[in-house]
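See below for the structure under consideration.
The values are calculated or read from the model by the stated rules, or taken from the named source; none is laboratory data. Computed from a prediction, not measured in an experiment: that's the story for all the values here. Here the Cβ positions follow ideal geometry from the backbone for every residue, glycine too, while neighbour counts run over all protein chains shown. Only protein heavy atoms, including side chains, enter the accessible area calculation; ligands, DNA and RNA are left aside. Shrake-Rupley method; radii C 1.70, N 1.55, O 1.52, S 1.80 Å.
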Amino acid sequence: MIEVVSPGPYATVQDLGRPGYGHLGVPRSGAADAPSLRLANRLVGNPESAAGIETTFGGVALRFAAGAWIALAGAPCAVEAAGRPVGMCAPFWMPEGGELRVGLPYEGLRTYLAVRGGIGVDPVLGSRSTDSLSGLGPPPLRAGMVLPLGGAEPAAPIAVDVAAQRAFPRCPTVGVVPGPRDDWFTPQALTALYGGPYEIATESNRVGVRLRGPVLGRAREGELPSEGMALGAIQVPPGGQPIVFLADHPPTGGYPVIGVVQSGDVPMVAQLRPGDHLRFRKVRT
Amino acid sequence: MTGDLGVTGPRTTPGRAAGTGTAIRPAGEHALLVETGSLEVAHRLDALLRSDRPAGVEEIVPGPETVLVVAPGADRSGLEALLSSLLRTASAPAMSPASPAKDAGGATAAGGTVEIPVVYDGEDLRSVADLSGLAVDEVVARHAASEFVVGWLGFAPGFAYLAGLDPALHVPRLDVPRTSVPAGSVAIAGPYSAVYPSASPGGWRLLGRTDLRVWDVRADPPALLPPGTRVRFTP
């Protein structure tokens, strides 16, 4: 098992979430940057769907009661294992009783820690993820909390020493599929959306990334009946400042969605920090 | 998958099937938003999709006038053609000859009737009576006489928007939401009623409470009131 010495600013247990319950009001949840969790899991021989820990701005300290294979991926941080510096995207052995210290990320926002065998908290609706919107799943990490290990399927051999670290651009250009409600907005709004740039606001979280930039004006009055929301949806509240929905987004919403971020670019958006920027680029499906 | 490609318009300017007020719109690379024009058609389409789930479909999320279909693994144009075909079936009046034309939202084959026992002692009975110009007894009687159908779920896991509330009881939400509403609270707001599935903040007006659990993560399915279920409240 793992004892949480310090959770840092915000850390949760995450796997690939609980898709399939949207019609019952349940957010999909799961790792905000799923490819990084998958990579960390592969590096320790876990199934990609095993539960790991998602840190926000690093800062986590964990004590391991038993020895364990560990890998970190996502936002790169200085990491110490039992007093020894270790690298990102590379499996390493944590000795019994050792403490893992994750520093602040050099770039990016969310770092993923996978342990061989997975984090074994009780699943809820088929997932061990903390859903910050609905409260399903385990509570966020706090000092003194104990996390059981296990729960993942039998692991494969550890076969890779180090994987390439992906880039974490501070002003990426993100692909957007227009619609389903782009016709609710003025032509100027559509031009402004693809002009940008937008700044990431501090109120951003696992539910959504709040943006500040050109106001997106509506072409029509009235309210949209509530409708299903997709991951990456760019929802525009009446103030005209868009929100990009991340893993814990509500399954239905009542503000029009001007476009949806391409699925491959959602993890990049999830790694942006408050004060970073992004630009949108229109793509066709 | 089969279907009539000709019915569906271009993806960026939604195609409208003549006379039906329906369309299929893109919602990113992996999802399509089907406009059904009504809750009744949304429920029928939802039921058709659930009874024979197309390959690759991960989520089917009905709303008051839409169904969102999330299908990361599906062939997109094939799915769009299939949805177009199913939408025409769901829109055809012959789809449910047994249900009255004016029913609250078209409960589907999947939805039975759930009776919810209520103790009508809610904190907002008085304010609802004042807003509606009815006596408290009459508020209770009209709520219990309303024939509800679960429209869709949202706001919180298991929170079902129940359509079919007696129009005399259509009252606005509280100006200042409560910071915590107990699980099992039976409430109304606008044209809807609901049972709070778990304790949460909430701005709906409380009429009473029930011991019936409408949400249990250990149950399968976890929600007692999926879309299309008919609901009656019994004092």
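In table form, for the structure just shown:
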quantity	calculated
Among A:Ile70, A:Gly213, B:Ser127 the positive-end extreme of the charge dipole of the protein assembly as shown (Cβ point charges)	A:Gly213
Helix A:34-43 vs. chain A, principal-axis angle (Cα, 0 to 90°, nearest 10)	20 degrees
Separation of alpha-carbon centers, the range B:143-157 and the range A:248-285, rounded to whole Å	31 Å
Antiparallel DSSP beta bridges within chain A, as percent of all bridges there, nearest 5	95 percent
Length-normalised contact order of the range A:55-130 in % [C-alpha pairs under 8 Å, at least 6 apart]	40 percent
10 Å Cβ neighbours from other chains, averaged over peptide B:152-165	5
Dimensions in Å of the range A:201-275 - Rg and Dmax from alpha carbons	12.0, 35
For residues of A:225-238, the mean tally of beta carbons on other chains within 10 Å	6
Normalised convex hull volume, the range A:140-212, alpha-carbon set, Å³ per residue	237 Å³
Ratio Rg/Rh, restricted to chain A and using Cα atoms, in which Rh is the Kirkwood radius	1.00
Hull-based mean projected area of the protein assembly as shown, where the convex hull spans the alpha carbons, in square nanometres	24.5 nm²
Separation in nanometres of the label points that stand 7 Å from Cα toward Cβ, at B:Thr179 and A:Tyr194	4.7 nm
Helix-only [θ]222 nm of chain A, DSSP H runs n ≥ 4, -39500 (n - 2.57) each, per residue, nearest 500	-2000 deg cm²/dmol
Highest-MSF residue in chain A out of A:Val174, A:Val162, A:Val13 [GNM, Cα springs under 10 Å]	A:Val162
Area of B:Ser91 that stays accessible when all protein chains are in place (1.4 Å probe, Å², to 10)	40 Å²
Within-12-Å neighbourhood charge of B:Gly190 [Cβ basis; K, R +1; D, E -1]	+1
List A:Arg110, B:Arg142, A:Arg84, ordered by accessible area with a 1.4 Å probe, largest first	A:Arg84, B:Arg142, A:Arg110
Where the Cα pairs of the range B:154-235 fall when distances are cut into 5 Å bins, in %	3, 15, 27, 27, 18, 7, 2, 0
10 Å binning of all Cα-Cα separations within the range A:1-125, expressed as whole percents from 0 upward	15, 47, 30, 7, 1
Net charge of neighbours whose Cβ lies under 15 Å from the Cβ of A:Gln241, counting Lys and Arg as +1 and Asp and Glu as -1	+1
Among A:Asp161, A:Asp131, A:Asp248, residue whose mean-square fluctuation peaks in a GNM of chain A (springs only between Cα atoms under 10 Å)	A:Asp161
Average silhouette area of the range A:95-158, convex hull of alpha-carbon atoms, in square nanometres	6.5 nm²
Length-normalised contact order of chain A in % [C-alpha pairs under 8 Å, at least 6 apart]	22 percent
Average partner coverage of B:60-71, which counts Cβ from other chains inside 10 Å	6
For A:Met268, net neighbour charge (Lys/Arg +1, Asp/Glu -1) across residues whose Cβ lies under 14 Å away	+2
